[in-house]
Amino acid sequence: MAVMVAPKGEPRELPPLEPAQRPSLISGVLYERQETERDAAGVISACLATITGHLRHTCDWPGAGWKIGDANCYTVTTAACDGLVIVMTFCTEPGEDAHWQIAAGPPGTVLDRTRRDQLTQFGFGAGRESGRWDRDIRITTHREAAAAATELLALLCDVFGYRGLTPLTFTLAQNERAEAGALYRTLSAEDVRKLLHGWGYRAEIGATSSGNPVVRSGASGFKFHILFAWPSKDEHLFGCLNFVTVFVGRPNLTLSIVNEISKTSRFSRLYLDEENDLILERDVALTGGVSLAYLQECLLDWTFMMESTTKKLDRLVIAPEVVPILVH
């Protein structure tokens, strides 16, 4: 395994970078091209503090000031001693571990057995594409950022033989998926899960029998699903949320009762399925873009709809107490 040079004592913390206006892209040189070879200790000493600060800025998201869809990407690039182009990338989103990817070019490059073994010892697994290696890493403190920066430099020096004869450069991209005013035309299941958690709801991601994503949640004693419709070009993003809950335990339910309730339901639809269970649904279209405040209000409206439907059933159906449950 490569010999890592750890920082001595407490890692020196640089002043925090000022948040950049999204989207933004900055780039620069971490280590200028040297006329003669430098040893690993020299390279690490020269670059460690700067890369530590960059990784902290990239991976450690603050408790506020970000939007769903924001993402940071930090890339370090150079050429190894044998001409390989080495690209190390850290991609991260709020509340998630950073995804660290190492790519060796040109495309189609296959690393030798020794380097593959070394990367495995560093915790990397082979990616889907030849020459790419992946690993997830958590960076939320300055010490974790310093440890990751040390690993990055050790990989460059000890695995790929970097000795400073080519420049070591970086780019830091701060991207956003939301348009001006934080309007969203599409959302993923993971986006919805994060939003629900942020608003104090439990939520978990699953899949329907057809393999489509579903978010399972609950509010005020009601269980419900959020399904996804109108997929975009990106198969993980959708333009419509479909809220669904199922009422069971009403043997005396008739279509006339369902119609009576539906007449006073403005934004939801109510119907009986093949098993004579009562289905309550509500669609939230993201067409044209919606704000997070609008989505939160839709969720509150949905809770009211479930409560209101239960009260109407209690009044119109003479049967044991109905409890809304989600049929799996």
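The values are calculated or read from the model by the stated rules, or taken from the named source; none is laboratory data. From a predicted model like this one, the values you see are computed outputs, not experimental measurements. No Cβ is skipped: glycine too gets one built from the backbone with ideal geometry, and neighbour counts run over all protein chains shown.
Counted as qualifying within the stretch 183-295 are the strands (runs of 3 or more DSSP E) with 3 or more residues that are crowded, with 19+ Cβ neighbours inside 10 Å, namely 213-219, 222-231, 238-248, 278-285. Among the conditions (1) under 26 Å from the mean Cα position of the chain (by Cα); (2) outside any helix (DSSP H, G or I), the only one that A147 does not satisfy is (2).
The set of residues in the stretch 254-271 that are farther than 16 Å from W302 by Cα and touching a strand residue (DSSP E or B) at 6+ places or on another chain (Cβ under 6 Å) comprises V258, Y271. For the stretch 126-150, the set of residues classified as hydrophobic (A, V, I, L, M, F, W, C) and touching a Cys at 6+ places or on another chain (Cβ under 9 Å) consists of I137, I139, A145, A148, A149, listed by residue number. Selection of the stretch 19-59 for residues being more than 23 Å from the chain's Cα centre (by Cα) and in a loop (DSSP other than H, G, I, E, B) yields E32, R33, Q34, E35, T36, E37, R38, D39. Counting only residues that are touching a strand residue (DSSP E or B) at 6+ places or on another chain (Cβ under 6 Å) and touching a residue at least 40 places away in the same chain (Cβ under 8 Å), the stretch 185-195 holds 3 of them. Screening the stretch 39-65 for residues that are touching a residue at least 60 places away in the same chain (Cβ under 8 Å) and more than 21 Å from T89 (Cα to Cα) and picking the one that is surrounded by the fewest Cβ atoms within 10 Å (Cβ to Cβ) gives D39. The residue pairs whose first member lies in the stretch 277-306 and is basic (K, R), whose second member is in a helix (DSSP H, G or I), and whose beta carbons are closer than 7 Å, counting only pairs six or more residues apart or on different chains, are R282/W302; R282/M305. Screening E151 against (1) modelled with pLDDT of 95 or more; (2) more than 25 Å from T58 (Cα to Cα); (3) crowded, with 17+ Cβ neighbours inside 10 Å leaves a single unmet condition, (2).
Count of the stretch 271-293 residues, restricted to those that are in contact with a Phe, Trp or Tyr (Cβ under 9 Å, 6 or more places away or on another chain) and either on the phi > 0 side of the Ramachandran plot or not basic (K, R) (or both), is 14. So which residues in the stretch 60-80 are assigned to a strand (DSSP E or B), modelled with pLDDT of 85 or more and of a type in the set (G, A, S), if there are any at all? Correct list: A71 only.
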